[in-house]
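Here is the structure we will look at.
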Amino acid sequence: MAEEGGSSGESLAALLESKHASYISGLAAKLDAPGSYEGAVTEHLRMSGVYWSIAALSLLRSPEEVNEIMGLDAIIDWLFSCQLKGGGFGGNTGHDAHLLYTLSALQILAMADRLDDPRLETEDCIRFIAALQNETDGSFAGDEWGEIDTRFSYCALSALSILNRFDAIDVDKAAEYVASCRNEFDGGFGCVPGAESHAGQIFCCIGALSIAQRLDLLLDDKDDLLSWWLAERQCDSGGLNGRPEKQADVCYSWWILSALSILGRVHWISGDKLASFILQCQDDDDGGIADRPGDMPDVFHTFFGIAGLSLLGHLHTTPTDASTGNRDMRVFREIDPVYALPTDVVERLALKGQVMTRKDNNGMEETVHERLTRYNVLVSNAPK
């Protein structure tokens, strides 16, 4: 199995980073065009789409370049038009507030270094999030209508960490609820206790426990069962699926790799084969990355594909711009597996988290990847 950033000798396709940057920068005009079907069906989640766009471009370009390409001032003005009186954010102007879009809005402000914008109703936003926690079991609803899902636990903890206001909720109870959604059979997590394990939910649960610094809740006799289940998601194509017997999909390059990064088990999959799968999903003509080879690209998979390459270390070692004949290396920013933000943003905000490592056969702690050294490290006694 390949180590993170390691090579198995395979020749990888070039990363079409210039085309991806052009694809991302042109999305707004495409979605806002009169009669755009894609724009109509994604109207309700525009806030997350903007987050995916800025986050993807932020891994390919400097903050100054992102600001110039995307026009962040106009985006921030639009973002505040989505802020509701109660403090939360909707997916678009005129839409109800929801935890999913509130986190996306805060992530956008964090990347733009605009969390101090006077238009942000910080205390109202904190109260909006805190009011969604169930005082009995620690779970979180997504909005006033009461749907419970471990995605919302991650959103709440991540958002309050960005705002540096963990004092507003019961963090331990939130972590204990997340841990209660773990399945004994395969070690995975579902959206509620007893629900089917799914890779996307696993990221949310592992990420939530990392932010709460309660990965100790995973230390039991099934310590590595979860990592095994995640590693088993690698298909013959090299891609990863979200559940057994499903097709590989680029988005799981993020959901699974981020969880394995936090757990210290990225080397349990073949990094080169996964990188090759992601690069095969690029649109050679117009840029962007699809869910699998031959399909149409979208910004969701473009972000998670680029983020997956970053977590593998391949984003930083892959030749770029084959279309122009320029195969020089470009210095890219790195993604943080806990917060899904560029690592320099996480460092600037001094965000906290926890990662896991093990002791090797000689009793020595395994080395934590450089991008994770800022976090608290929990040492597991599980075998290597």
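Relative to the globular-protein estimate of 2.2 N^0.38 Å, the Cα radius of gyration of segment 333-384 stands at 1.28. Note that segment 188-281 shows a convex hull volume over its alpha carbon atoms of 94 Å³ per residue. 3J(HN,Hα) couplings calculated from phi for segment 79-90 with the Karplus curve 6.51 cos²θ - 1.76 cosθ + 1.60 (θ = phi - 60°) are, in sequence order, 4, 6, 6, 9, 7, 8, 4, x, x, x, 10, x Hz; Gly and Pro show x. Solvent-accessible area per residue in segment 36-177 equals 42 Å², computed with a 1.4 angstrom probe and all protein chains kept. For the chain, DSSP calls about 60 percent of its internal beta bridges antiparallel. For segment 242-320, what is the Kirkwood estimate of the hydrodynamic radius, computed as the reciprocal of the mean inverse distance between distinct Cα atoms, to one decimal in Å? So the Kirkwood estimate lands at 12.6 Å. Surface composition of the chain: carbon plus sulfur atoms hold 49% of the accessible area, using a 1.4 angstrom probe and ignoring ligands, DNA and RNA.
Kindly identify segment 36-157 as rounded, prolate or oblate by the Cα gyration tensor criterion: order the square roots of the eigenvalues as a ≥ b ≥ c, call it rounded if a/c is under 1.5, otherwise compare a/b with b/c, prolate if a/b is larger, else oblate. Because a/c hits 1.5 or more and a/b exceeds b/c, segment 36-157 counts as prolate.
Under the rule a/c < 1.5 gives rounded, and otherwise a/b versus b/c splits prolate from oblate, where does segment 31-91 land using the Cα gyration tensor? Oblate. The helix-only estimate of mean residue ellipticity at 222 nm for the chain, built from DSSP H runs of length n ≥ 4 each weighted as -39500 (n - 2.57), is -12500 deg cm²/dmol after division by the residue total.
Under 17 Å between C-alpha atoms is the cut-off here; go through the chain and count lysine pairs that meet it, provided they're at least eight residues apart or on different chains. So the count works out to 4.
Applying the criteria of a DSSP loop state and at most 12 other Cβ atoms within 10 Å to the GluC sites (Glu not before Pro) of segment 44-86 yields no site.
Of the options (1) 55, 55, 48; (2) 65, 50, 49; (3) 60, 58, 37, only one is Cα extents along the principal axes in Å as computed from these coordinates, and that is (3).
The values are calculated or read from the model by the stated rules, or taken from the named source; none is laboratory data. Treat the numbers as computed from the prediction; the structure is a model and nothing was measured. Ideal geometry is used to build each Cβ from the backbone, glycine not excepted, and the neighbour counts take in all protein chains shown. Keep in mind that these areas ignore ligands, DNA and RNA; they rest on the heavy atoms of the full protein, side chains included. Shrake-Rupley method; radii C 1.70, N 1.55, O 1.52, S 1.80 Å.
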